[in-house]
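The values are calculated or read from the model by the stated rules, or taken from the named source; none is laboratory data. Just so you know, these numbers come straight off a predicted model, no measurement behind them. Don't worry about glycine lacking a Cβ; one is built from the backbone with ideal geometry, like all the others, and counts go over all protein chains shown.
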Amino acid sequence: MKAPAIRVENLTVSYRGKPAIRNVTVTVERGLRVGLIGPNGAGKSTLLRALVGLLVPDTGRVELFGQPPEAARRRVAYVPQRSEVDWDYPVVAEEVVLMGRFPHLGWVRRPGPEDRRVARECLQRVGMDAFAQRQIGQLSGGQQQRVFLARALAQEAELLLLDEPFVGVDAATEETIYRMLDDFRQEGRTVVVATHDLSRAQTAFDRLLLLNQHVVAYGPPQEVFQPKLLQRTYGGRLTLLEVADQRMVVGP
Ligand code: ADP
Ligand code: MG
């Protein structure tokens with residue numbers, strides 16, 4: 001039997017001795033689109049960073065495709081929150097996408113014509129081919145997100161981890177991202193998306209992981225998307241305005 005895309009066991013991760021996520025245990029089978037849902041500070045980014053081995057856990061372990069994160073690196077694409085990226089870094093869009101080809105290059109190899117072709121194709125797929133030579137700092141939020149998605153595509157990763165890809169993007173980009181999630185499913189890839197967009201959570205994902213430092217629930221949306229569990233995830237901060245319409249608004 002094939003190892004699951006993600007296996008996390010009893011994971012606790014701290015910053016300066018203060019736990020951000022506690023005892024997280026979850027197994028994600030291959031080919032699923034998972035919505036990672038939780039309020040600000042819930043530990044969504046921390047979990048994603050721990051998955052790719054950017055943070056060292058206090059306790060517990062992470063396996064991706066049955067391997068430690070370091071060994072699975074080339075099979076995983078991670079797109080950080082936009083706020084974590086240095087947009088002044090002097091690169092153009094195409095170069096960002098070419099970075100996705102690095103795992104495919106040998107030692108000290110430079111990207112060749114084939115890599116450039118793939119990069120162009122990926123930019124095209126997200127509707128950004130016209131901006132290939134534009135500095136990333138001069139793109140809009142939605143365009144920047146598209147470029148990072150193109151990089152993830154160029155990597156041909158089996159597991160994609162997207163941290164709040166809908167924040168600060170336009171409606172067209174939002175649609176592009178949701179469409180890509182469907183494509184990824186067709187292609188058998190596994191995707192984890194940290195998101196606040198509860199209105200689409202039920203339809204866009206195969207599983208929801210409700211997180212607030214610990215795992216509140218993990219399962220199919222029809223089991224997990226319940227006022228009681230969402231309330232437990234968001235504490236008193238969730239205002240259920242239009243439950244009948246299946247829309248939920250997170251208010252102060
Ligand atoms: P989310 O992505 O769900 O908003 P985070 O994973 O960013 O949550 O943060 C979880 C907790 O860890 C928060 O209390 C946050 O303040 C803290 N935290 C996150 N990053 C750092 C960091 N680099 N140093 C110290 N504390 C951090
Ligand atoms: Mg975050």
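Remarks
- Screening ARG49, ARG75 for residues that are within 14 Å of ligand 1 (Cβ to nearest atom) and at pLDDT 90 or above leaves exactly one candidate, ARG49.
- You will find that of PRO103, PRO90, the residue that is more than 19 Å from THR173 (Cβ to Cβ) and touching a Lys or Arg at 6+ places or on another chain (Cβ under 6 Å) is PRO103 and no other.
- Just one of the numbered conditions (1) more than 15 Å from the chain's Cα centre (by Cα); (2) among the hydroxyl-bearing types (Ser, Thr, Tyr); (3) assigned to a strand (DSSP E or B) is not true of TYR78: (1).
- Considering the range 188-220, the residues that are assigned to a helix (DSSP H, G or I) and touching a residue at least 60 places away in the same chain (Cβ under 8 Å) include one that is farthest from ligand 1 (Cβ to nearest atom), namely ALA204.
- Listed by first and then second residue, the pairs linking a residue in the range 17-28 that is within 13 Å of GLY41 (Cα to Cα) to a residue that is acidic (Asp, Glu), with Cβ atoms under 9 Å apart and 6 or more places separating them unless they lie on different chains, are PRO19/ASP58.
- In the range 223-236, the residues that are within 12 Å of LEU210 (Cα to Cα) reach residues that are assigned to a helix (DSSP H, G or I) and modelled with pLDDT of 90 or more with C-beta atoms within less than 7 angstrom, at least six apart or across chains, in these pairs: PHE225/ALA201; PHE225/GLN202.
- Options PHE131, PHE148, PHE102, PHE166: the member that is aromatic (Phe, Trp, Tyr) and in contact (Cβ under 8 Å) with a residue 60 or more places away in the chain: PHE148
- Failed item, numbered, when LEU161 is tested on (1) in contact with a Phe, Trp or Tyr (Cβ under 8 Å, 6 or more places away or on another chain); (2) away from ligand 2 (no atom under 16 Å from the Cβ): (2)
- Residue list for the range 14-61, filter: aliphatic (A, V, I, L, M), out of contact with any helix residue (DSSP H, G or I) (no Cβ under 8 Å at 6 or more places or on another chain), within 16 Å of ligand 2 (Cβ to nearest atom) and not in a helix (DSSP H, G or I): VAL34, LEU54
- Residues (crowded, with 23+ Cβ neighbours inside 10 Å and part of a helix (DSSP H, G or I)) located in the range 145-172: GLN145, ARG146, VAL147, PHE148, LEU149, ALA150, ARG151, ALA152, LEU153, ALA154
- Index of the failed condition, LEU11 passing every other in (1) part of a loop (DSSP other than H, G, I, E, B); (2) buried (at least 22 other Cβ atoms within 10 Å of the Cβ): (1)
- Residues that are touching a residue at least 12 places away in the same chain (Cβ under 8 Å), not in a helix (DSSP H, G or I) and not aromatic (Phe, Trp, Tyr) are absent from the range 173-187.
- Residue match in the range 93-112 (condition: at pLDDT below 95, under 30 Å from VAL24 (Cα atoms), surrounded by 19 or more Cβ atoms within 10 Å (Cβ to Cβ) and away from ligand 2 (no atom under 16 Å from the Cβ)): yes
- Filter pass, LEU55 being within 13 Å of VAL24 (Cα to Cα), buried (at least 18 other Cβ atoms within 10 Å of the Cβ) and within 13 Å of ligand 1 (Cβ to nearest atom): no
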